[in-house]
Each structure stands twice: as C-alpha cells, then as structure tokens.
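Heads up, the thing below is written out as structure tokens.
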C-alpha cells in the first residue's frame with residue numbers, strides 16, 4: 001500500500017540553472033534564454049500543496065517581456081554607437097587640406113613657416129614665447145602684444161634671433177606669462193596651428209591626424225578648424241608691411257603735390273591771347289559806329 005505522504009512529496013529539485021558566458025567579456029551573465037529556462041523550471045517544480053500565485057506568475061512574465069525589450073534596446077544602441085563612431089572617423093577625411101588648432105609644444109620646421117600661438121585664461125601683463133631646439137637651447141624669443149584672454153597666434157618663419165634660417169628639425173615652444181599683482185598667476189598653454197596632411201584609421205577610437213608641423217593629433221584634441229588660406233600676421237612681416245604702406249602713401253602724396261604745383265605754375269605763366277589788329281576797313285567802320293553813337 002502506498003503511503004499517502006509519498007504522493008504529496010515534492011518532486012526532487014532539478015539542478016537546471018544554466019550558466020551563460022558572455023563571449024565578449026568572458027564574465028558570467030544571464031540572458032533572456034536563461035531567464036525563460038528558470039521560469040519553466042520553477043513551474044515544473046512548484047509545490048502542489050502551495051502552487052505559485054497566478055498574479056506573481058503574470059508579473060514574472062511581464063518581467064521576461066521587459067527583459068527581452070531591454071536586450072533588444074541595448075543591441076540597437078550598440079549598433080547606433082558603432083555607426084556614429086564610424087561616421088565620425090570618416091568625417092575626419094574632410095579635414096585634409098585644412099588647418100587645425102591643437103594644444104601642443106612640439107613642432108617640426110621643414111622650411112615652411114609655422115603658425116604658433118598661446119591660450120590665456122585671463123588678461124596678462126606680459127607674454128614671452130621661446131623657440132628651443134632639441135638640446136633645449138633658445139634660438140629665438142618673441143614678445144607678443146596680445147595679452148587679453150583667449151587664443152592668439154603668430155607666424156614663425158624659421159629664423160633665429162640673428163635673422164638666420166634654422167636647420168630643419170624638431171623644436172619646442174615654451175611660454176612664460178605674467179599677471180598683474182605680486183601673487184597673481186595666469187595659465188598659458190602653447191598652441192600650434194598646422195595643415196592636415198593625412199588621416200590614420202589603424203587605431204581603434206579616434207582617427208589620428210597628421211599635420212605639416214609633424215604632429216599626430218586625435219580628433220578629440222582639436223580646438224578649432226580653419227581654411228588653409230587663413231593668414232596670420234608674422235612678427236617680422238608686420239613691420240615690413242607697415243613700411244611698405246607708408247612708402248606707398250608718401251608716393252601718392254608726392255604725385256598729388258606735383259600735379260597741384262604744375263597746375264598753379266601753368267595758370268600763373270599763361271598769358272591771355274592777344275587780340276588781332278583791325279584792318280583799315282574795319283577801323284573805318286569802327287570809327288563811324290563810335291561817331292554815330294556819340295551823336
């Protein structure tokens with residue numbers, strides 16, 4: 001005879017808990033298939049004397065549906081992020097041929113002038129810019145006059161302090177800024193403006209931009225982008241341009257003075273045209289007319 005207790009003995013619990021391994025991270029994680037397996041195992045092994053509450057079961061089904069939607073949403077977001085990153089990398093190709101501004105103190109001189117600059121976080125009383133070679137020796141020094149907050153640039157034409165062209169190679173930009181007051185401090189960051197010559201996609205993440213100044217810059221480090229024909233006033237060229245303008249103005253003024261002088265001289269020396277003499281007949285007619293008028 002079968003014992004009644006054996007009938008109501010709960011079925012042995014099955015060890016059906018699966019283990020899901022994420023192939024990307026290698027860590028144990030639970031997916032939607034594992035969640036469904038657990039739910040079915042719970043229904044198969046529930047206590048007949050105390051079955052699961054239908055309301056609780058419905059809530060678990062709702063959780064499963066929400067879990068599936070979350071997984072689908074995560075997959076969609078991952079796809080969007082990947083597409084956006086790839087689009088950003090490809091859009092960096094449009095920077096080739098344009099000039100970018102990036103923070104940095106290293107530059108390469110290859111015979112062409114280099115645009116260098118500095119960024120101030122406040123108004124300075126003086127700024128000194130040093131160009132040093134690979135041995136740390138200062139080859140030229142600039143004293144910019146732009147001292148207000150912001151970004152400022154000038155063009156280094158590759159000449160040392162004696163006016164001689166420096167050898168081609170790598171150089172370093174060093175800044176020294178002073179603020180008003182004894183304890184006042186001001187931050188000055190060196191900047192380089194150079195034309196983009198190529199884009200490297202070999203690394204994951206940001207594309208690497210190659211510039212004429214010899215730098216490799218990530219797209220996230222770019223401060224500004226400008227057209228390649230943007231002109232920046234050179235420290236040496238500004239004085240030459242001023243002198244050229246002054247000479248042109250003086251030449252124009254001299255031409256105006258010469259024209260005025262020639263006109264005045266021509267007016268003073270010119271004589272009124274002499275009246276032609278009357279003939280005998282005209283003289284007789286003139287005398288007759290005067291005698292008639294005199295009455």
Over every pair of different alpha-carbon atoms in the range 138-214, take the mean of 1/r and invert it; report that Kirkwood radius in Å.
15.8
Send over the semi-axes of the range 97-237's equivalent ellipsoid, whole angstrom and largest first, taken as the square roots of 5 times the C-alpha gyration tensor eigenvalues.
25, 19, 14
Residues of the range 179-210 with backbone N under 20 Å of the label point set 7 Å from the Cα of residue 221 along Cα→Cβ are 188-210
Mind sorting 138, 37 by how few other Cβ atoms lie within 10 Å of their own Cβ, fewest first?
138, 37
In which sequence would 133, 112 go, from the one with the fewest C-beta neighbours within 10 Å to the one with the most?
112, 133
How would you rank 199, 116, going from fewest to most other Cβ atoms within 10 Å of each one's own Cβ?
199, 116
Could you give me the radius of gyration and the Dmax of the range 110-167, taking only the C-alpha atoms into account and expressing both in angstrom?
12.5, 35
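Here, each number is a calculation from the coordinates, and none is a lab measurement. Keep in mind it's a predicted model, so treat the numbers as computed, not measured. Positions of Cβ are backbone-derived with ideal geometry, glycine not excepted, and every protein chain shown enters the neighbour counts.
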